[in-house]
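Everything below concerns the one structure shown next.
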């Protein structure tokens, strides 16, 4: 159909003019075109019919399926136009039917008859589908999803349910009450499916409102609360990250401090005590003279079943047995350098100092004769 033909039919491109009649066809129209994305598969009649009615209304062709545009007599002036548009509508309907279902649909010469036949065949399962939709709505939960995704799933169920159970068409005051009641039901259903751990307080506040807000207002409040919670969680994660880095820095500083404080071990490892004759410390640091630290005495008593009771500077001869003599190989009498570590902790400390000192390894009586290396 050329431009002149389009203009003669009252068409500008594919835009419907206000004065167009039901017999108007467009240059882009053809019987094989799909005017809706929903295909009739046998189980979705109401959804498909709703989409088809909407598309035909947009094209001003709804009268060809509801019977308001009657077939003129064969000798009437509109007969050929009616035949052309009727064939176009039949083509649109058949193009929107799944091929498996289309094979069972007999060809009908009038669009209204084809429409009635399809309704009679495929609208019988409405009650079952309504039950399924109600069950799916009752089971629909957020379950950790973003609110927008959870709300989208609910909306899809509500829209399909409205196709099977549309609101009554009336102009009295009762229509507003029925619409408000359905809206309230959707509000309750939406609130019940939200994650209580995150939105429990908000849901309690919303339910207590009188009158109940619309579903749009409730959704807006929930979205704002979700944004606030997400922002708060982001700040907490950032604070946790900063705290972790701070703790790691403190640990590194502590390790460096231990190595620095115990550098006397590396400097004095070749020293010889003129009092006890042992290597690893000088006479001024010999524990036999300055006294054994309290932590060493207690650990020795535990290891040897309570033997040896000498403490500090008042150490008796009993404290100078083999175990305490070996203890004198330590490099310092200052117990703050060596808190009461377990055997594994002592070994780990020695390994750390060796690693920090590079090629200079701890050796000699300090490691060989001490109890914590046995």
Inset, instruction - Go through the stretch 58-82 and give me each residue that's touching a strand residue (DSSP E or B) at 6+ places or on another chain (Cβ under 9 Å) and part of a loop (DSSP other than H, G, I, E, B). - result: 59, 60
Inset, instruction - Mind telling me which of the residues 96, 117 ends up being out of contact with any helix residue (DSSP H, G or I) (no Cβ under 9 Å at 6 or more places or on another chain), farther than 30 Å from residue 225 by Cα and either modelled with pLDDT under 90 or not assigned by TED's automatic domain parsing to the domain that holds residue 218 (or both)? - result: 117
Inset, instruction - Any chance you could count how many residues in the stretch 136-183 are under 19 Å from residue 54 (Cβ atoms), surrounded by fewer than 16 Cβ atoms within 10 Å (Cβ to Cβ) and in contact (Cβ under 8 Å) with a residue 24 or more places away in the chain? - result: 1
Legend entry - Test for residue 76: is it within 48 Å of the chain's Cα centre (by Cα) and surrounded by fewer than 14 Cβ atoms within 10 Å (Cβ to Cβ): no
Inset, instruction - Could you tell me which of the residues 194, 229 is assigned to a loop (DSSP other than H, G, I, E, B), over 27 Å from residue 49 (Cα atoms) and in contact (Cβ under 8 Å) with a residue 24 or more places away in the chain? - result: 194
Inset, instruction - Return yes or no: is residue 85 part of a helix (DSSP H, G or I), under 48 Å from the mean Cα position of the chain (by Cα) and either farther than 11 Å from residue 115 by Cβ or at pLDDT 90 or above (or both)? - result: no
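Suppose the filter is modelled with pLDDT under 90 and on the phi < 0 side of the Ramachandran plot; does residue 195 pass it? Please lay out each step first, then the result.
Details: modelled with pLDDT under 90: no; on the phi < 0 side of the Ramachandran plot: yes.
Considered against the rule, which asks whether it is modelled with pLDDT under 90 and on the phi < 0 side of the Ramachandran plot, residue 195 comes out as no.
The values are calculated or read from the model by the stated rules, or taken from the named source; none is laboratory data. Treat the numbers as computed from the prediction; the structure is a model and nothing was measured. Cβ sites come from the backbone with ideal geometry, for glycine too, and all protein chains shown count toward neighbours.
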